[in-house]
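Novice: Below is one structure. I have some questions about it.
The values are calculated or read from the model by the stated rules, or taken from the named source; none is laboratory data. It should be emphasised that the depicted structure is a prediction, and the values quoted were computed from it without experimental measurement. No Cβ is skipped: glycine too gets one built from the backbone with ideal geometry, and neighbour counts run over all protein chains shown. Accessible surface is based on the protein model in full, side chains and every heavy atom, while ligands, DNA and RNA are left aside. Shrake-Rupley method; radii C 1.70, N 1.55, O 1.52, S 1.80 Å.
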Amino acid sequence: MASTMADSELTPKFAPFLGMAGIAAAMVFGSMGAAYGTAKSGIGIAGVGTFRPDLIMKCLIPVVMSGIIAVYALVVSVLIAQDLGPPSSGTNYSLFNGFMHLACGLSVGLTGLAAGYCIGIVGDKGVRSYMLQSRVFVGMVLILIFGEVLGLYGLIVALILNTKSKG
Amino acid sequence: MATRRIVSQEKSLLEKDDRIGSSPAANEKSNITPAVPTAVIVKLLAFTFAMIILPIGSYFATVDTIFKGNSTFAGALAAVMANVVLIGYVIAAMKEDQSDQLEESAREKKKGL
């Protein structure tokens, strides 16, 4: 079998599977977190909007933050996908790269899930409290930022990991 | 025996004046101002499109031109752009709240005078 792909111990045939799994994990878990954050805080906004429609603009902040979680996942997925190539293009995809991309995807995906979960709960309760007491707003935004930063840490780790493939 | 209506003195339905007749509001303008002002909708749409296009667009715009293939910096830039949109949204929301309060206080001043 004249294969263009050099199948050695360092570049086994299943290595791309791990990289693909990394892409899928980043996108799937990140979107799960973003969806939970959007839905849960959306319920809170629907509850607040019926009583104080003038507050809706400010109450949308957790929804915007949930969107950012999905953007992080998207960025890492695109980053990993650019390093992947079909075997016919002559690229040898090493097992190291496969595991590394899996780590990238899992770190950004699962921290995104955690951050989205946090944003959803804080967004729901926060906007309801903000309706009754306007001073809650600063605290709510601060807590949301700290929840969102969890996803940012995952992104930073993924970006740093991704630089190791060029060695 | 029932009393008879004097038909000749009564106005027919066509002769009745609409203004005071069956529909008193017919002459007035109804309030058709939309519940959500256009400015707010435009603002929200702008932020939505910025959130969709700006991060990933900045990634692809800079990865080969400014960062010369270094996708790490381009990815970091995309994350930064997403956060810039968020900060812009928070500032816009705060401003809107303040403008609402200013309007209210101005209205109250007018009432006081």
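Novice: For A:L152, state whether it is within 10 Å of another protein chain (Cβ to nearest Cβ), open to solvent by less than 70 Å² (accessible area, probe 1.4 Å) and closer than 20 Å to B:V90 by Cα.
Specialist: yes
Novice: Okay, next question. Being of a type outside the set (F, W, Y), surrounded by 14 or more Cβ atoms within 10 Å (Cβ to Cβ) and within 16 Å of the chain's Cα centre (by Cα) narrows it down to one of A:M57, A:M27, so name that one.
Specialist: A:M27
Novice: If we scan region A:135-158, do we find a residue that is under 23 Å from the mean Cα position of the chain (by Cα) and among the basic types (K, R)?
Specialist: No; the residues of region A:135-158 include none that is under 23 Å from the mean Cα position of the chain (by Cα) and among the basic types (K, R).
One line per residue, one yes/no per condition, for (1) touching a residue at least 24 places away in the same chain (Cβ under 8 Å); (2) at the interface with another protein chain (Cβ under 9 Å from one of its Cβ atoms):
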{"position": "B:E28", "(1), (2)": "no, no"}
{"position": "B:K43", "(1), (2)": "yes, yes"}
{"position": "B:A46", "(1), (2)": "no, no"}
{"position": "B:A50", "(1), (2)": "yes, no"}
{"position": "B:Y89", "(1), (2)": "yes, yes"}
{"position": "B:A92", "(1), (2)": "yes, yes"}
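Novice: Looking at the structure I just gave you, is A:D124 among the acidic types (D, E) and more than 14 Å from chain B (Cβ to nearest Cβ)? Working first, answer last.
Specialist: Working: among the acidic types (D, E): yes; more than 14 Å from chain B (Cβ to nearest Cβ): yes.
When the stated conditions are applied, A:D124 passes them.
Novice: Considering only region A:114-139, state which residues are among the aliphatic types (A, V, I, L, M) and either open to solvent by 50 Å² or more (accessible area, probe 1.4 Å) or touching a residue at least 24 places away in the same chain (Cβ under 8 Å) (or both).
Specialist: A:A114, A:A115, A:I119, A:I121, A:V122, A:V127, A:M131, A:L132, A:V138
Novice: Can you name every residue in region A:87-113 that is of a type outside the set (F, W, Y), open to solvent by 50 Å² or more (accessible area, probe 1.4 Å) and assigned to a helix (DSSP H, G or I)?
Specialist: Of everything in region A:87-113, those that are of a type outside the set (F, W, Y), open to solvent by 50 Å² or more (accessible area, probe 1.4 Å) and assigned to a helix (DSSP H, G or I) turn out to be A:P87, A:S88, A:S89, A:L106, A:L110, A:L113.
Novice: Name the single residue that is farthest from the other protein chains (Cβ to nearest Cβ) among those in region A:61-82 being under 12 Å from A:I45 (Cβ atoms) and in contact with a Leu (Cβ under 8 Å, 6 or more places away or on another chain).
Specialist: A:P62
Novice: Next up: Working only within region A:31-50, note down all residues that are buried (at least 16 other Cβ atoms within 10 Å of the Cβ) and of a type in the set (S, T, N, Q).
Specialist: Of everything in region A:31-50, those that are buried (at least 16 other Cβ atoms within 10 Å of the Cβ) and of a type in the set (S, T, N, Q) turn out to be A:S31, A:T38, A:S41.
Novice: Count, please, the residues in region B:77-113 that happen to be among the aliphatic types (A, V, I, L, M) and over 30 Å from A:C59 (Cβ atoms). Talk me through it step by step, then tell me what you get.
Specialist: Going residue by residue through region B:77-113, those that are among the aliphatic types (A, V, I, L, M) are B:77-82, B:84-87, B:90-94, B:102, B:106, B:113.
Those left that are additionally over 30 Å from A:C59 (Cβ atoms): B:113.
Going through region B:77-113 one residue at a time, the tally reaches 1.
Novice: Could I ask something else about it? Of the residues in region B:52-77, how many are facing chain A (nearest Cβ under 10 Å) and among the charged types (D, E, K, R)?
Specialist: Residues flagged as facing chain A (nearest Cβ under 10 Å) and among the charged types (D, E, K, R) within region B:52-77 amount to 0.
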